[in-house]
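Here it is: the structure, laid out below.
The values are calculated or read from the model by the stated rules, or taken from the named source; none is laboratory data. A quick note: this is a predicted structure, and the numbers were derived from the prediction, not measured. Virtual Cβ from ideal backbone geometry, glycine too; neighbours counted across all protein chains shown. Note: areas computed on protein heavy atoms with side chains; ligands, DNA, RNA excluded. Shrake-Rupley method; radii C 1.70, N 1.55, O 1.52, S 1.80 Å.
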Amino acid sequence: MPYDLGRTCSVCGALIGDNNPDGIGGECRYAYYGARKVVHNKDKERAYKYYGTKARVFMPVFIEQHKDVKFRSEFKKSFYPSVVKQWEEKGYLSNKQLEICLGWLGYKIDYDTHEKLEEAVYEKQKKILKEWKPNAEEYEHITKLAGTFRKEFRKNHS
Ligand SMILES: [Zn+2]
């Protein structure tokens, strides 16, 4: 028997094969992963961990690249030590602070290095989502949201 008739996709209810690993049909998988990300990041602490990966990847490089620089502008002279101190003590930066650091770093690293760092951020975020085990309520939320995403996707592509 090719199909276990008891198994259906958690998002759309279509029959899925015996070998399906997670109860999500192939056509719904893209929407499912999008919804997982949204529901994961509805929780403030989890969102902090998820989006904080960018600063955790880029800040050590930013600090290293600027540690011996003799800044001329007053702003840079005070910004650099204060942002380094805040990062080292609290492990936290505002979006605005991070944006400034990334702007400076843009002049220090080449395109390939930048791409590698972005890839590292992406891999870390992917890992966080992969390791996350939603509870029953969250899982229901994810599958409902994925259903909505799928409908929207179809509407925009038909
Ligand atoms: Zn489905």
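Relative contact order of the chain: what whole-number percent is it, with Cα pairs under 8 angstrom and at least 6 residues apart?
Relative CO of the chain lands at 33 percent.
What ³J(HN,Hα) values, in whole Hz, does the Karplus curve 6.51 cos²θ - 1.76 cosθ + 1.60 give for the range 14-24 when θ = phi - 60°, with x put for Gly and Pro?
Once θ is set to phi - 60°, the couplings for the range 14-24 become 5, 5, 10, x, 4, 7, 4, x, 9, x, 10 Hz.
Right, next: Please list 3J(HN,Hα) in residue order for the range 121-138, calculated via the Karplus relation 6.51 cos²θ - 1.76 cosθ + 1.60 where θ = phi - 60°; whole Hz, with x for glycine and proline.
4, 4, 5, 5, 5, 4, 5, 4, 5, 5, 7, 5, 10, x, 7, 4, 5, 5
If every alpha-carbon in the range 1-140 counts as one equal scatterer, what log10 I(q)/I(0) does Debye give at q = 0.09 1/Å?
-0.44
When the accessible area of the chain is computed with all protein chains present and a 1.4 Å probe, what percentage of it is carbon and sulfur?
In the chain, the share of accessible area belonging to carbon and sulfur is 54 percent.
With a probe of 1.4 Å, find how much accessible area the range 51-123 has per residue, and write the answer as a whole number in Å².
Dividing the accessible area of the range 51-123 by its residue count gives 69 Å².
Starting from the Cα of residue 42, move 7 Å in the Cα-to-Cβ direction to define the label point; list residues of the range 21-35 whose amide nitrogen is under 13 Å from there.
Within reach of a label on residue 42: 35.
For every helix of n ≥ 4 consecutive DSSP H residues, a contribution of -39,500 (n - 2.57) applies; sum these over the chain, divide by its total residues, and give [θ] at 222 nm rounded to the nearest 500 deg cm²/dmol.
The helix contribution divided over the chain gives -21500 deg cm²/dmol.
So who's got an amide H within less than 5 Å of the one on residue 8, skipping anything under 5 residues away but keeping other chains? H placed 1.01 Å off N, in plane.
Distant-sequence amide H within range of residue 8: 16.
Could you pull out the chymotrypsin sites (Phe, Trp or Tyr not before Pro) across the range 8-108 that fall in loop regions by DSSP (anything but H, G, I, E, B) with no more than 15 other Cβ atoms inside 10 Å?
71, 92, 107
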